[in-house]
Amino acid sequence: MFFKRFYDEDLAQASYMVGCQKTGECLVIDPVRDIQRYLDEAQAQKLEVTHVTETHIHADYLSGGRELATATGAKFLVSDEGGEGWQYTYSTPNMQKLKHGDTFMVGNIKVEVRHTPGHTPESISFLVTDTPRGDVPVMYFTGDFVFVGDIGRPDLLDEAAGGQDTRFRGAKDMFQSLKTQFAGLPPHVQVWPAHGSGSACGKALGAVPSSSIGYETELAWWSKFVKNGDEQGFTDELLSGQPDAPLYYGRMKTQNRDGMSVLGDVPPLPELSAAEANRQMAAGVMLIDTRPKEQYQATAPHHSINLPTANKVETWAGWLLRPEDRDYILLAENAEQAEELRRRLWMVGLDNIKGFVRGVEGLDVKAVPPIQPSEVAQHEGALILDVRNKTEYAGGHIPGATQLHAGRIAWKESELPKDRKIIVHCQSGARSAAAASYLGSQGFDVLEIAGGFENWEKQVPEQVERGE
C-alpha cells in the first residue's frame with residue numbers, strides 16, 4: 001500500500017493519497033483545487049487516480065474534488081448522508097453517493113464508509129484495510145470528526161452558514177459518533193484528520209499530524225465524558241470557548257454543496273503596466289499587496305489591501321475578500337510569484353484575478369503610518385476596533401474597545417461608522433494591518449496601533465480591562 005499526506009500550512013488542511021501498488025490505482029481524500037500536486041505524485045509512483053472523495057462539505061476552503069475527478073475521469077465519491085439541506089445539490093460525471101456501511105475497493109485496498117455526524121450532519125469517515133496483509137483496518141481518515149487531541153466543532157453551521165441552533169443537535173450527534181464510530185475500533189488504528197493546529201474547525205488541535213484510536217480514546221479531553229456517558233457535560237465543554245468563525249465559511253459551504261466551478265487549463269496571468277493597474281483600480285478592481293506591513297505602510301497603493309504574512313495569505317484573503325464583489329490584481333516581484341499566489345487564492349475561491357503588476361513604481365500610493373498607544377488619546381471620539389477573536393478580547397482589552405473578529409469585517413462593515421475615525425488593533429499588528437488596509441480601501445477613516453495590544457500592554461498596562 002502506498003500512502004502520502006499533503007498539507008497546506010496556511011489553512012492547516014490535510015489531504016491524502018492511498019494507493020494499491022499492485023494494481024496501480026489510487027484514491028485521493030479531501031483534495032484542494034491546485035490538483036497538480038496529486039497528478040505529479042501519482043505519476044511519480046506509477047499510479048492512476050481512480051477514486052476521489054471528500055469527508056464532508058467543507059467550509060474553510062473550496063474543495064478540489066470535482067476538479068481532480070474531472071481532470072482524471074476518476075470516480076467522485078461523496079456523502080449521501082445528513083438529510084435535506086446538508087447534501088450535495090449538483091451532479092458531475094462519475095459522481096456517486098455514499099451511505100454508512102458502504103465499501104469500495106481501490107485495487108486491493110478496502111475502504112469502509114462510516115457516517116460520523118457532529119461537526120456537520122453529512123460528515124463521513126473512511127476506515128481503510130490493506131487486504132493483502134489481513135482483514136484488520138489500519139487507517140481511519142476522520143475528516144473534521146476527530147482531530148489530534150480535539151474534535152470538530154459543531155457550532156460552525158450556526159456561526160457562519162446560517163444555521164439555527166444546530167450546535168446542540170451537532171453536539172448530541174458528535175457524542176454518539178464518538179461512542180459508536182470511534183471508541184470501539186481497534187486501538188492500533190491510525191487516525192489521520194483533515195486539519196492540524198491552527199485550523200478554526202476545532203478549538204485546540206494538536207500539532208502532530210496523526211494519532212491512534214487508542215491514544216485519543218484514553219487521553220483526549222472528550223474521552224472521560226464518553227466513558228462516563230455524560231452527554232450534558234460533554235456538550236457544555238464542547239460548546240464553551242469556541243473561537244469566532246470567519247464568515248466566509250458560509251460562502252465556502254454553499255459553493256462546495258452546490259458545485260464549485262472547474263478551473264481546467266488556466267492561461268498565465270497577464271502582466272499589467274502601472275498605468276493600466278491604476279486605471280483598473282480606479283474602476284473598482286482591488287490590488288492584493290503581500291509585502292511586509294512596514295513596506296506597505298510607507299507606500300500603500302490606493303484601492304489595495306495588505307495581506308502581510310506569507311503563511312496566512314489564504315486565511316486572510318478568505319476573511320476579508322469577497323470574490324462576488326469585485327475583481328482583483330496582484331502585486332508581485334515576477335510572474336512566478338504571481339502564479340504561486342494565484343494558486344493559493346484558489347483555496348478560498350478567489351478565481352477572478354485579472355493580472356499582476358511588478359512593484360509599486362508608477363502606482364498611486366500614500367503613506368499610512370501606524371500610531372503609538374500614547375497617540376490614541378489625541379483622537380477623541382474615535383472607535384477603537386479590536387479585530388482579535390472573542391477569547392483574546394476576554395483575556396484583556398483596551399477600555400471601551402469594540403470587538404469584531406477580522407474574519408467578519410467584510411460582512412459587518414455597514415455597522416461601522418464612516419463619520420468617525422476607526423483605530424484598529426489586533427494582538428501584535430499583523431491582522432490589524434490587513435483589516436485596516438481593507439477598511440481604508442472601503443473609504444473609512446482608519447488608523448492602526450503599532451504593535452497591537454501587546455504594545456498597548458507594555459506602554460499603558462494600567463489601561464487594560466479583563467474578563468469581559
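The values are calculated or read from the model by the stated rules, or taken from the named source; none is laboratory data. It should be emphasised that the depicted structure is a prediction, and the values quoted were computed from it without experimental measurement. Neighbour counts run over all protein chains shown; Cβ positions are idealised from the backbone, glycine included.
Key figures
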item	result
Residues located in the range 358-381, provided they are surrounded by fewer than 18 Cβ atoms within 10 Å (Cβ to Cβ) and in a loop (DSSP other than H, G, I, E, B)	Gly359, Glu361, Gly362, Asp364, Ala367, Pro369, Gln372, His379, Glu380, Gly381
Filter result (part of a loop (DSSP other than H, G, I, E, B) and either outside the structural domain of Ile449 (by TED's automatic domain parsing) or under 17 Å from Gly400 (Cα atoms) (or both)) within the range 414-428	Leu416, Pro417, Arg420, Lys421, Cys426, Gln427
Entirely in the range 31-139, the strands (runs of 3 or more DSSP E) that have 3 or more residues that are free of Cβ contacts under 8 Å to residues at least 40 places away in the same chain and within 21 Å of Asn256 (Cα to Cα)	75-79, 95-98
Tally, over the range 1-24, of residues that are more than 26 Å from the chain's Cα centre (by Cα) and crowded, with 22+ Cβ neighbours inside 10 Å	1
Residue match in the range 31-51 (condition: buried (at least 21 other Cβ atoms within 10 Å of the Cβ) and of a type in the set (Asp, Glu))	no
Test: Ala382 is in contact with a strand residue (DSSP E or B) (Cβ under 7 Å, 6 or more places away or on another chain) and within 21 Å of Glu9 (Cβ to Cβ)	no
Looking only at the range 295-340, and only at residues there that are of a type in the set (D, E, K, R) and in contact with a Lys or Arg (Cβ under 6 Å, 6 or more places away or on another chain), the one that is surrounded by the most Cβ atoms within 10 Å (Cβ to Cβ)	Glu314
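So that you can scan it fast, the table gives a plain yes or no per residue for (1) modelled with pLDDT of 95 or more; (2) of a type in the set (Val, Ile, Thr); (3) closer than 30 Å to Ala332 by Cβ:
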| residue | (1), (2), (3) |
| --- | --- |
| Ala220 | yes, no, no |
| Ser223 | yes, no, no |
| Asp230 | yes, no, no |
| Asp236 | yes, no, no |
| Gly241 | no, no, no |
| Pro246 | no, no, yes |
| Arg251 | no, no, yes |
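Every residue, every condition in (1) assigned by TED's automatic domain parsing to the domain that holds Gln87; (2) out of contact with any Ser or Thr (no Cβ under 7 Å at 6 or more places or on another chain); (3) of a type in the set (Phe, Trp, Tyr), yes or no:
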site	(1), (2), (3)
Glu218	yes, yes, no
Lys227	yes, yes, no
Glu231	yes, yes, no
Phe234	yes, yes, yes
Leu238	yes, yes, no
Ala245	yes, yes, no
Gly264	no, yes, no
Pro267	no, yes, no
